[in-house]
1. Here's a check for you: in the stretch 377-398, which residue that is surrounded by fewer than 16 Cβ atoms within 10 Å (Cβ to Cβ) and not basic (Lys, Arg) is farthest from the chain's Cα centre (by Cα)?
2. Considering only residues of the stretch 197-225 that are modelled with pLDDT of 90 or more and over 19 Å from ALA275 (Cα atoms), which is surrounded by the most Cβ atoms within 10 Å (Cβ to Cβ)?
3. So, in the stretch 296-307, exactly how many residues are among the charged types (D, E, K, R) and surrounded by 14 or more Cβ atoms within 10 Å (Cβ to Cβ)?
4. Looking only at the stretch 225-247, which residues are assigned to a loop (DSSP other than H, G, I, E, B) and in contact with a Leu (Cβ under 9 Å, 6 or more places away or on another chain)?
5. Filter the stretch 261-288 down to the residues that are assigned to a helix (DSSP H, G or I), closer than 21 Å to GLU111 by Cα and among the aliphatic types (A, V, I, L, M) and list them by number.
6. Of everything in the stretch 158-169, what is in a loop (DSSP other than H, G, I, E, B) and over 25 Å from the mean Cα position of the chain (by Cα)? Give them in sequence order.
7. Of the residues ALA269, ALA275, ALA293, ALA335, only one is of a type outside the set (Ser, Thr, Tyr), surrounded by 14 or more Cβ atoms within 10 Å (Cβ to Cβ), under 18 Å from LYS360 (Cβ atoms) and modelled with pLDDT of 90 or more; which?
8. Cβ-Cβ under 8 Å, sequence separation 6+ or interchain: first residue in the stretch 318-343 and farther than 22 Å from ALA103 by Cβ, partner at pLDDT 80 or above and assigned to a loop (DSSP other than H, G, I, E, B). Which pairs?
Amino acid sequence: MEIKHFETLMQTLKSVSDNLVQNLPIKKLSTFVEEVQQPNPVWKPLQIGSHIAKTPIVQGGMGVGVSLHSLASAVANAGGIGVIAANGIGLIEKDYYKDGLEAGLRAFRKEIRKARELSDGIIGVNIMVALKDFHQMLNVAIEEKVDIVFMGAGLPIKNIPVKELRSNDISVVPIVSSSRAANLIFKMWGKIYKDVPDAVVFEGPNAGGHLGFEVDQLDKKEYQNETIVPEIVETLKPYESEYKKNIPLIAGGGIYSGSDIKRMLDLGASGVQMATRFVATDECDADIKFKEAYVNCKKEDIGLIKSPVGMPGRAIRNKFIVDCENGKRPSFKCAWQCLATCKAQDANYCISIALNNARKGNLESGYVFCGTNAWRIKEIVSVKNLVNELNRGYLLALNKSIDTKLDDMIAQVKELWNRLQIEERASKVLEMKYETVLREISGKSKKNARKDLEVALTRVRDIQLQLVETVTGTWKLVNCTIN
């Protein structure tokens, strides 16, 4: 919608609203119209358990040191949910090769505390269920009283310390790739713990890093967000009813713009998960060369790899990947087998070491995971500016979707206002006629005149009520589009 046209519509709506307040004999109408004109937030907050994020964006957890305290705290300060990834976090410690388990637990605790020092916002952690130290990492998260634990790369069903999580007000959010997985987790939680998780993240096939899909599923319609997001929303409804709680769905995988966010919310999601966009930010914990790989890559550079952990992954394909696929084997030492399913020997490289090399800027000895839309990124910005951009994009998409409806409603308001003025003039004429016949002797004339006046006044009141209802609805529509 053009700005001048929008301003003209707003002037009309404001003028009619003011006239309503001044002329309609409806008690407290002035306060009501004033309240309805107050704008709502551009998007609704995202509530997970007791934690409310005014920006419905979860920053995806990126392992091996890409999303640590700097990025997580910046996202939390911008009103979203910042996430520290536990996977491979021990590699940032100097003694990782002496004791990988201890180094990981220590680094995880330090990063959580650093994030807390920098932000009063919502800080979450991402812990892969497939990690050999999953439960030890989870214990650290509980001890440090993080706000939310996201659990992916496996089904978080067995031996989850639900009582400890609840007593520390820590929300639990599984990451799934299907409605079937979501239903299984909730069903088993109900049987085992008499409880259910607080939200669900669906990570679609356009995500970066390891994917919860087979290669031949990635492009099929039935596995896309547009299909599965509504399915999971329906899957969660019976559990919301049974446990009397709101269970939001967060949609992820390929979410790039504000219009993408609107599209996911329109499908029934309550928020989105974004990772790729947050890599190209000043606050991302990776080296500048890692971030520049996003800025410099082309669409055709992004492709799939067969990860040593046995899953397909999406990355910026480079010489390192090609060499490994061709049988070249860089020397590496495994500090400890962090994933039981890892087949580093067969793949010719350790994925944690490769990702850590890239995270430190050594792209010749590693590679960069990314989502399908990484090639669209053209610059590195601050987290605050990125969130503002997404906000504006959402607003623009929302505006476009209501242009025609807003035009129609304003036209209806104008029509009702014109009809009201005509009926009011007619009722005044009848009122004068009634006052005249009051002085006449004929009872029949008085009765007819009063009946005509009552009919006219009823028509006026009906139009007044329609006008108030339409003006109120129009203001609500407008307030969905302005901040």
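1. Top of the filtered list is GLU379.
2. Looking at the filtered set, the residue picked out is PRO197.
3. We begin by selecting, within the stretch 296-307, every residue among the charged types (D, E, K, R); these are 298-301, 306.
Subset that is surrounded by 14 or more Cβ atoms within 10 Å (Cβ to Cβ): 301, 306.
Number of matching residues: 2.
4. ILE247
5. Within the stretch 261-288, VAL279, ILE288 qualify.
6. The answer is LYS158, ASN159, ILE160, PRO161.
7. Only one candidate passes the filter, namely ALA293.
8. ASN318/TYR367; PHE320/GLY366; PHE320/TYR367; ILE321/TYR367
The values are calculated or read from the model by the stated rules, or taken from the named source; none is laboratory data. Computed from a predicted model, the values in this text were never measured in an experiment. Methodologically, a virtual Cβ is constructed for each residue, glycine included, from the backbone with ideal geometry; neighbour enumeration extends over all protein chains shown.
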